[in-house]
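Before any comments, here is the structure.
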Amino acid sequence: MAVDNGDFVRVNFTGKVKETDEVFDTTYDEVAQEAGIFEENKTYKPIPIVVGGNHLLPAIEEAIIGLEEGDTKHIEVDSDNAFGPRDPKMIQLVPMKEFRKQGMNPVPGMRIQSEGASGKILTVNGGRVKVDFNHELAGKDLIYDVQVTEIIEDESEKIKSMIELHYSNPNVDIDKTEISIEDGVANIKLDEMAKFDQQSYMDITFARFRIAKDIWDNIDEITKVNFVDGFEKREESDDEEDEE
């Protein structure tokens, strides 16, 4: 079975800057450690995507169409089809007092967040700080080595894969998620640990919306997604009653 647009698949990949061969992203822990980009809180394993769902660069998703499970492909993506050209207008001078208000001491190389945009401090001169808000990979041609590790066919597993992709809670066991599909409605009951998530209500709601949208956009028979939160009364044991 070859990969087609709209398929749910799992992929491993390593991304490099073509000019320098520098690794900037990977799903392999050993590659991340060797490249000096290993993150302790990140799980390194094949990631689930929907082909054509813009979960990876569109050029990558298009390139894996036609591959079979287990196939690999070397993909070159020019800057225009990656993160775009560098825009000089995205390099801005920010008054030092704005950093002082936030209790920050800006230094070259520091990364900051401002109004939802990520930037890198280039220089600090007197009362002005030069910040580059271009994407780190803007203007760079990229290379990806991609392997299709699995083509997901079971509908419940497709739904679980989107939960895995969008709902980043390491304490939630995806195998304990309960899925039922009936009359075009998918009911999702997450692992009990999801009830104790420390993320904001807005973040959780947005994650659930992205899961639902990927499901109804790519599984024809599903038009509605319900997230079921249930709380059951816990019966006290004899030992607990004795302690009281």
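The values are calculated or read from the model by the stated rules, or taken from the named source; none is laboratory data. Remember, it's a predicted structure, so these values are computed and weren't measured experimentally. Glycine also receives a Cβ, built like all others from the backbone with ideal geometry; neighbour counts cover every protein chain displayed.
Figure legend. Inter-residue proximity from the stretch 47-74: first residues more than 21 Å from SER168 (Cβ to Cβ) and not assigned by TED's automatic domain parsing to the domain that holds ASP214, second residues basic (Lys, Arg) and outside any helix (DSSP H, G or I), beta-carbon distance below 8 Å, spacing 6+ or different chains. Indicated pairs: ALA63/LYS73; ILE64/LYS73; LEU67/LYS73.
Just so you know, in the stretch 11-40 the residues that are over 15 Å from the mean Cα position of the chain (by Cα) and aliphatic (A, V, I, L, M) include one that is farthest from ILE75 (Cα to Cα), and it is ILE37.
Residues that are of a type in the set (Gly, Ala, Ser), assigned to a helix (DSSP H, G or I) and loosely packed, with under 13 Cβ neighbours inside 10 Å within the stretch 16-40 are absent altogether. Taking the condition without any contact (Cβ under 8 Å) to a residue 24 or more places away in the chain, of a type outside the set (A, V, I, L, M, F, W, C) and closer than 23 Å to PHE24 by Cα, does GLN102 pass? Here the answer is no, as GLN102 does not meet what is asked.
Filtered by the rule that a residue be over 20 Å from GLY84 (Cα atoms) and of a type outside the set (A, V, I, L, M), the stretch 114-144 gives SER114, GLU115, THR123, ASN125, GLY126, GLY127, ARG128, LYS130. Restricted to the stretch 41-78, and to residues there that are over 16 Å from the mean Cα position of the chain (by Cα) and in a loop (DSSP other than H, G, I, E, B), the residue that is surrounded by the most Cβ atoms within 10 Å (Cβ to Cβ) is ILE64. Search the stretch 102-114 for residues being modelled with pLDDT of 90 or more and not β-branched (Val, Ile, Thr), and hand back the single one that is farthest from GLY126 (Cα to Cα). By that ranking, first place goes to ARG111.
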